[in-house]
1. Please determine, by comparing only the residues of the range 285-312 that are among the hydrophobic types (A, V, I, L, M, F, W, C) and loosely packed, with under 14 Cβ neighbours inside 10 Å, which one is nearest to the chain's Cα centre (by Cα).
2. Within the range 400-430, track down each residue that is under 27 Å from the mean Cα position of the chain (by Cα) and closer than 18 Å to Val286 by Cα.
3. Which residue out of Ala180, Ala171, Ala237 is more than 18 Å from the chain's Cα centre (by Cα) and over 27 Å from Asp415 (Cα atoms)?
4. Have a look at Val74, Val36 and point out the one that is of a type in the set (A, V, I, L, M), crowded, with 20+ Cβ neighbours inside 10 Å, within 30 Å of Arg178 (Cα to Cα) and in contact with a strand residue (DSSP E or B) (Cβ under 9 Å, 6 or more places away or on another chain).
5. Determine the pairs where a residue that is under 9 Å from Val212 (Cα atoms) and in contact (Cβ under 8 Å) with a residue 60 or more places away in the chain, located within the range 184-195, has a partner that is among the hydroxyl-bearing types (Ser, Thr, Tyr) and part of a helix (DSSP H, G or I) with Cβ atoms under 7 Å apart, the partner being 6 or more residues away or on another chain.
6. Just one of the numbered conditions (1) modelled with pLDDT of 95 or more; (2) among the acidic types (Asp, Glu); (3) over 25 Å from Arg421 (Cβ atoms) is not true of Glu276; which one?
7. Given the structure, is Phe342 modelled with pLDDT of 90 or more, among the hydrophobic types (A, V, I, L, M, F, W, C), assigned to a loop (DSSP other than H, G, I, E, B) and closer than 23 Å to Gln268 by Cβ?
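The values are calculated or read from the model by the stated rules, or taken from the named source; none is laboratory data. Given the structure is predicted, the values throughout are model-derived calculations rather than measurements. No Cβ is skipped: glycine too gets one built from the backbone with ideal geometry, and neighbour counts run over all protein chains shown.
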Amino acid sequence: MYELHPACSTLPKMAADEYAALCTSIRAGFDPLHPVLLFDGMILDGRHRYQACVDEDVKPVFTEWTGDDPFDFVLREHLARRSWKSQEQKALVEGALVEQSAAWQAERGRIRTEANAARAEKAKGHEFRGNQHAEPEPEVVEPHREAPLPEPEPPKRDHSDKSTKASTAKARTIGVTRAAVERAATIKRHSPELATKVAQGEVAAGWAYKQVQKQRRQEDLDSARATITEEKSKSLASVCDLRVCTCAELLGSGIKPDAVITDPPYPQEHLDTFSELAAACKEACVPLVAVMSGQSYLPEVMHRLCSRLTYQWTLAYLTPGGQSVQLWERKVNTFWKPVLLFGRTSEWIGDVCRSDTNDNDKAHHDWGQSASGMSDLIQRLTKPGQLVCDPFLGGGTTAVAALSAGRRFVGCDIDAGCVERGQARVGVME
């Protein structure tokens with residue numbers, strides 16, 4: 001039994017149905033036996049044909065490969081003609097073979113250098129023994145020269161798009177998309193084990209990429225939470241700024257939130273708050289605004305918000321269990337409410353978020369939302385470490401959810417009692 005050369009084992013195994021067809025063909029004598037290539041006593045190419053011959057008790061044909069770089073050979077032979085499960089798999093296999101080829105060439109160069117040095121040392125010894133009685137060469141004294149002035153440093157270039165250009169060039173070379181190259185690189189950088197499994201066809205590239213993204217998000221969240229906790233222990237105000245003021249005053253004070261996530265009052269007499277919110281967010285150039293709303297006056301709410309802000313989408317905020325609100329005048333039991341999204345999210349999002357079942361917390365405010373629901377919304381729309389703003393603080397649930405999710409927070413309310421209770425809630429958080 002022959003071992004596989006590392007270049008050969010880098011390639012994924014043949015699919016089970018394809019291997020079965022190969023065995024059938026060899027057993028029936030329909031498939032002419034192409035030679036199995038050997039290099040350094042290992043199979044470099046033709047491992048499936050060799051195994052099929054062994055399984056079918058057919059004598060395989062061997063030939064010795066005499067090229068320069070076995071990794072480059074396998075790359076050129078298989079990259080274009082193989083069928084790949086995904087473009088990411090193709091990119092990972094290509095990358096592995098290129099790296100192994102570079103290491104192979106470097107090792108060969110090292111061996112040549114050492115051999116040349118040994119020959120030169122041996123020749124030097126012979127020359128010394130032949131000239132040990134000769135007159136010594138006169139010492140040549142170089143005339144004194146001033147040290148040359150250092151060359152001016154070349155101007156620094158902007159390499160911000162260097163990675164993108166490299167990905168584009170690689171994608172063009174191997175015949176895949178740039179996105180596939182970048183996804184493959186992300187998988188390999190963050191989980192070499194998963195990258196190997198994708199390259200061997202053991203797991204799907206899409207699944208592996210999602211696992212890596214999930215792992216990265218968890219690492220970012222853990223890091224942000226640790227930072228928030230450490231800074232909070234030194235100064236609560238450094239991570240959570242609560243003020244007694246209006247929405248317009250808060251957003252006009254120069255703060256730069258990454259997102260406004262808020263739940264203004266729904267009754268008809270408070271519809272002006274939506275106009276104030278839209279104007280303040282527009283003036284402060286807030287990149288993302290998420291506004292929870294009831295549905296009784298939804299057309300008016302939409303009109304007031306859309307007059308100043310760019311509408312993106314509506315998310316469904318589910319309130320399962322005993323959180324249903326009975327609207328007697330409309331004869332509706334409502335188990336969800338819209339969250340109106342304005343601006344642009346930086347990543348793909350799902351448009352359904354939810355509170356935990358029966359998690360209806362009214363202990364801190366009559367209109368309070370659940371911490372679980374606000375946490376889902378915050379984690380869906382923002383990234384760890386970002387600044388979340390709620391200019392209608394109420395019972396402080398958004399503040400608690402933001403800090404728990406590793407975000408910083410700034411908020412306000414015109415009711416000093418709300419601000420005081422909010423400060424007490426975040427002050428005792430673990």
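1. The residue in question is Cys285.
2. Residues satisfying the conditions are Ala402, Arg407, Arg408, Phe409.
3. Ala171
4. The unique qualifying residue is Val74.
5. Final answer for the pair search is Ile187/Tyr209.
6. Single failed check for Glu276: (3).
7. No: the conditions fail for Phe342.
For (1) assigned by TED's automatic domain parsing to the domain that holds Glu329; (2) at pLDDT 90 or above; (3) touching a Lys or Arg at 6+ places or on another chain (Cβ under 8 Å), each residue gets a yes or a no:
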| site | (1), (2), (3) |
| --- | --- |
| Val203 | no, yes, yes |
| Gln218 | no, no, no |
| Arg243 | yes, yes, no |
| Asp263 | yes, yes, no |
